[in-house]
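What follows is one structure encoded as structure tokens, with my remarks underneath.
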Amino acid sequence: MDDYLEDFDRHFWNSGPEGFWKLERQQSFREPGVESWEAFSRGNWDESLALIEGQRGHYEKYFRRIAGHGFTLHRVRCVEEPISPYLQWELHLLHLKARYGEDTRILSGDGIRRYEAERTLAEIVVLGSSVMYEVVYDSEGKLAGGIRFGDPQDISRCRRAIREMHRSGEPLDAFFSRDVARLPPPTVTDERV
């Protein structure tokens, strides 16, 4: 885990003009240590949303720093219906990040099935043109590390596929306004929210 995070951080800030491309497929994760997730996991929805909103200054600075390094963040977030409690929380966080520069698109329904004819999509992060990771989570949905790939052809192929998904996805703002903002607070019913 520590090796992955150190390697990721080193390459992240050098993503360059190719940028950062992330594909998120799982519908539920655990994010211990993230205050807004901690509040959400305890069933404190209003506190969780307030903590997300309280991160505005952090994300404004973070995305200004990213722009200063000459790259942008692009994310494809797969969303199944009904929206999981975790995903409802994460979409609020992603909506905030989008205000400051992250370009997130939603892939749902047939859009997901189109790419999963043979197997479930992996969690993938592509940093520029030099490194790619398959992000690995433990059985509880907590980050466990990443498998690093450095072959330029594999990286290019995966980046093209994620870009294609991104182009075909729905802009987060439209999806959020229609399908997330109206939802009642989620009910946290199990250990893996």
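Table for the structure above
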{"read-out": "Choice from GLY169, GLY128, GLY111 with maximal GNM fluctuation in the chain (Cα, 10 Å cutoff)", "value": "GLY111"}
{"read-out": "Carbon + sulfur, % of accessible area of region 41-89 - ligands and nucleic acids excluded, 1.4 Å", "value": "51 percent"}
{"read-out": "Whole-number D in µm²/s for region 105-193 (Stokes-Einstein; Kirkwood sum over Cα pairs; 25 °C, 0.890 mPa s)", "value": "158 µm²/s"}
{"read-out": "Surface accessible to a 1.4 Å probe, per residue, for the residues of region 31-111, Å²", "value": "46 Å²"}
{"read-out": "Selected from THR104, THR120, THR72 as most flexible by GNM, with the chain as the system and alpha-carbon contacts under 10 Å", "value": "THR120"}
{"read-out": "Sum of side-chain charges, GLY57 neighbourhood, beta-carbon under 15 Å (Lys, Arg +1; Asp, Glu -1)", "value": "+3"}
{"read-out": "Max mean-square fluctuation residue, GNM over the chain, Cα-Cα springs under 10 Å, options PRO32, PRO82, PRO17", "value": "PRO82"}
{"read-out": "Region 143-188: projected area of the alpha-carbon convex hull, averaged over directions, in nm²", "value": "5.6 nm²"}
{"read-out": "Quarter of Cα convex hull surface for the chain, i.e. mean projection, nm²", "value": "10.7 nm²"}
{"read-out": "DSSP-loop GluC sites (Glu not before Pro) across region 101-132, with at most 13 other Cβ within 10 angstrom", "value": "GLU116, GLU118"}
{"read-out": "Highest average packing first - 95-101, 55-61, Cβ atoms within 10 Å", "value": "95-101, 55-61"}
{"read-out": "Calculated P(r) tail over 19 Å for region 6-94, as whole % of Cα pairs", "value": "52 percent"}
{"read-out": "Distribution of pairwise C-alpha distances over region 61-128, 10 Å bins, in %", "value": "17, 43, 30, 10, 0"}
{"read-out": "Low-density loop positions, GluC sites (Glu not before Pro), region 10-44 - DSSP coil, at most 12 other Cβ in 10 Å", "value": "none"}
{"read-out": "Region 132-193 versus region 58-118: alpha-carbon centroid distance in Å", "value": "7 Å"}
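The values are calculated or read from the model by the stated rules, or taken from the named source; none is laboratory data. All values derive from a computational prediction rather than experimental measurement. Here the Cβ is made from the backbone with ideal geometry for all residues, glycine too, and neighbour counts use every protein chain on show. Only protein heavy atoms, including side chains, enter the accessible area calculation; ligands, DNA and RNA are left aside. Shrake-Rupley method; radii C 1.70, N 1.55, O 1.52, S 1.80 Å.
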